[in-house]
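The values are calculated or read from the model by the stated rules, or taken from the named source; none is laboratory data. What you are looking at is a predicted structure, and each value in this text was computed from that prediction instead of being measured. Reconstructed Cβ throughout: ideal geometry from the backbone, glycine too, with neighbour counts over all protein chains shown. Heads up: the accessible areas ignore ligands, DNA and RNA and are worked out on the full protein's heavy atoms, side chains in. Shrake-Rupley method; radii C 1.70, N 1.55, O 1.52, S 1.80 Å.
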Amino acid sequence: MAAIGLVMAPSLHCFYRVLDTRKFKGSKNFRVLKKLAWDTSFIPFFSCTFITVGAIYEGKSLQAAFAEYRRKMWHIWKVDFTLWPPAQLINFYFLPPALRVVYVNLVSLLYNCIMSYIKNNELHHTSH
């Protein structure tokens, strides 16, 4: 997890810095929705990075790391799109920038536990 954090933290820092420094025009609601749309559009990139970096640090090839992500991506996306948009809506709408890092880290603690479970277990699709 520390290795994944060393890769993810700088990219997330830069990403949120860009989001916070962009001057989105319009009402507060419009600005929040625009930030939320940008954040949500990058979910697949960040989740792919999480799984592939973890696999590479386990000694797997890049090809095997991407294959693992492809096997698990639907489970990951269910978690990502259930957790992050509501969490970021709260973040962007209610919290001042000074509290965002603490808040996102608290949400990330839960997210990283779930991702660790997915990363370290083979999950199977069941059709209902």
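Looking at the chain, how many pairs of lysines come closer than 22 Å at the Cα, when each pair is eight or more places apart or spans two chains?
10
Taking the Cβ of Phe46 as the center, what net charge do the other residues with Cβ under 13 Å away carry, scoring Lys and Arg +1 and Asp and Glu -1? Spell out each step's value before the answer.
Working: positive: none; negative: Asp39, Asp80.
Once positives and negatives cancel, what remains is -2.
Can you list the equivalent-ellipsoid semi-axes of the chain, largest first and in whole Å, using the square root of 5 times each Cα gyration tensor eigenvalue?
28, 16, 13
Applying 1/(1 + (r/R0)^6) with R0 = 25 Å to the Cβ-Cβ distance of Thr21 and Leu109, what FRET efficiency is obtained, to the nearest 0.05? Mind showing how you got there, number by number?
Working: r = 26 Å, r/R0 = 1.05.
Efficiency for this residue pair is about 0.40.
Quick check for you: with a 1.4 Å probe and neighbouring chains kept, what is the accessible area per residue of the chain, in Å²?
Dividing the accessible area of the chain by its residue count gives 63 Å².
Only helical DSSP H runs with n ≥ 4 go in: add -39500 (n - 2.57) per run for the chain, normalise by residue count and round the 222 nm mean residue ellipticity to 500 deg cm²/dmol.
Calculated mean residue ellipticity at 222 nm is -28500 deg cm²/dmol.
List the trypsin sites (Lys or Arg not before Pro) within the stretch 1-92 that DSSP assigns to loop and that have no more than 13 neighbouring Cβ atoms inside 10 Å. Kindly include the intermediate steps, with their values, before the conclusion.
Working: sites: Arg17, Arg22, Lys23, Lys25, Lys28, Arg31, Lys34, Lys35, Lys60, Arg70, Arg71, Lys72, Lys78; in loops: Arg22, Lys23, Lys25, Lys60.
Passing both the DSSP loop test and the Cβ count: Arg22, Lys23, Lys25.
What does the charge count near Lys72 come to, summing +1 for each Lys or Arg and -1 for each Asp or Glu among other residues with Cβ under 12 Å from its Cβ?
Neighbour charge sum, excluding Lys72 itself: +1.
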